[in-house]
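Here is the structure we will look at, set down as structure tokens.
The values are calculated or read from the model by the stated rules, or taken from the named source; none is laboratory data. Source: prediction; values computed, not measured. Methodologically, a virtual Cβ is constructed for each residue, glycine included, from the backbone with ideal geometry; neighbour enumeration extends over all protein chains shown. These accessible areas exclude ligands, DNA and RNA; they are computed on the full protein's heavy atoms, side chains included. Shrake-Rupley method; radii C 1.70, N 1.55, O 1.52, S 1.80 Å.
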Amino acid sequence: MKKISRVFVVLSVLSSTLGPNVLANEQGETQPLELSKMGLMFVGGREVEMPGGGRFGGGGKQTQIAGQAPVHYLIPPTEKREGKLPVIMVPGMGLTSYLYLSTPDGRDGWAQIFARAGYPVYVFDEPYNAISGFEVGKFNEVKAGTADVSELPNIMLWANEITWRRWGIGPEPGVPAENTQFPVEHIAQFHASMTPVISGGGRRGGAAGGSFAGRRGGRAGGSTESAPAGRRGRGGRGVAFGNPAGDENGVVTSGNPKVDALIELLEKVGPATLILHSASGPTGFETTRLRPELVKAIVAVEVTGSPTDPEDIAEHFADKRFIGVYGDNFDLRPMQGRYEASVKMAEEINAAGGKADVIWLPKLGIEGNSHLLMQDNNNDEIARMIIEHLQR
């Protein structure tokens with residue numbers, strides 16, 4: 001029998017879905033997703049001691065890996081990916097790779113849509129999200145009575161009720177916006193995908209590098225999210241991790257485990273397009289500053305921290321293809337400031353001789369999109385729009 005050298009994926013790749021995950025072509029025929037390779041790898045991280053011992057205790061030094069980022073990858077056949085840069089997809093704060101790998105009602109996620117279009121896709125889970133792992137030593141020390149409970153890191157999680165208004169799904173929990181594009185009948189699947197984020201547990205002043213608005217009951221209005229900015233004064237808000245410095249092995253790092261892991265992934269896959277969502281914006285922007293030769297384009301989906309300083313943009317972003325993408329129902333959620341910052345960034349890039357656009361979907365007559373555009377009912381339409389802009 002002739003050996004089959006490719007993988008044909010009909011069911012959703014690397015994710016739990018509710019049904020077949022296929023996409024119709026222009027003739028209405030469904031097509032399987034064709035891949036030459038798929039898998040999971042880890043980037044970033046470091047070995048740390050486990051004070052208090054592991055699960056089974058024991059003598060001698062015990063260690064673990066912390067600060068690592070899981071990365072799902074979907075690689076199309078060689079002939080389909082000719083001339084296409086890899087795409088790295090980074091979820092926002094408190095969200096996981098599920099954001100791109102599937103949808104609540106089982107349709108293709110952006111990972112599959114981009115892979116079907118021939119792009120090598122890498123879906124990044126940020127370090128210190130529970131799905132990525134975190135340091136357990138301090139928990140063990142507190143349990144053993146050798147450390148005070150105040151030394152425990154913060155554990156943060158979006159409340160289900162907060163997501164409705166804050167992310168433009170509906171005006172209050174259980175009440176969808178009249179024009180919503182989010183598959184609200186399956187919202188429990190989305191809520192189940194969110195996992196806790198650990199902060200304050202890593203060296204250099206914090207592991208997760210941010211906190212959630214609404215962790216004490218939540219506010220629907222106001223943008224109080226924070227995210228690792230890496231450097232202050234760059235147009236983004238967030239926690240500063242300090243200037244790049246050498247670690248104990250002399251390897252230069254940013255001091256931010258998210259940025260370090262993303263840089264390591266770029267070093268593995270080569271120059272790429274970053275798709276950033278929400279609070280992952282500053283992570284991607286700082287990565288671009290530190291390794292500009294590895295970032296060729298940035299797709300900023302309702303991000304925080306868009307740089308607006310003309311000198312910063314001229315130095316670090318003018319030669320990058322920049323595409324901002326924004327949804328609808330700004331009256332429900334704190335998004336106007338982010339949109340204006342992305343518009344300013346695009347204007348400065350264009351003024352410096354680069355190429356930048358900001359897509360505000362309502363201006364195109366596309367209404368009802370939430371903060372989770374990659375999971376909305378028209379996620380395929382938006383993905384194709386982004387692909388068209390990248391190919392221009």
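Rounded, prolate or oblate: which fits region 82-199 when a ≥ b ≥ c are the square roots of the eigenvalues of the alpha-carbon gyration tensor, with rounded for a/c under 1.5 and prolate only if a/b beats b/c?
Numbers: a/c = 3.33, a/b = 1.39, b/c = 2.40.
Oblate is the answer for region 82-199, as a/c is 1.5 or above yet b/c matches or exceeds a/b.
By the scheme Lys and Arg +1, Asp and Glu -1, what is the net charge of all other residues having a beta-carbon under 14 Å from that of LYS268?
-1
Which whole-number percent gives the relative contact order of region 49-132, counting Cα pairs below 8 Å spaced six or more residues apart?
38 percent
Please list, by residue number, every one of the GluC sites (Glu not before Pro) in region 149-186 that is coil in DSSP and has at most 11 other beta-carbon atoms within 10 Å. Intermediate results must be reported in sequence, preceding the final value.
Working: sites: GLU151, GLU161, GLU178, GLU185; in loops: GLU178.
Answer in residue order: GLU178.
Enumerate the calculated ³J(HN,Hα) couplings along region 355-367 in order (Karplus 6.51 cos²θ - 1.76 cosθ + 1.60, θ = phi - 60°), each rounded to whole Hz, writing x wherever the residue is Gly or Pro.
Once θ is set to phi - 60°, the couplings for region 355-367 become 10, 8, 9, 10, 9, 10, 4, x, 5, 9, x, 9, 10 Hz.
Do any GluC sites (Glu not before Pro) in region 328-392 lie in a DSSP loop with no more than 16 other beta carbon atoms within 10 Å, and if so, which?
Those that pass, being in a loop and sparsely packed, are GLU367.
Name the lysines eligible as straight-distance cross-link partners of LYS80: C-alpha to C-alpha under 29 Å, and not fewer than 8 places from it in the same chain.
Excluding near neighbours in sequence, the set is LYS2, LYS3, LYS37, LYS268, LYS296, LYS320, LYS355.
Compute the accessible area per residue over region 247-392, keeping the other protein chains in place, probe 1.4 Å, unit Å².
Accessible area per residue: 34 Å².
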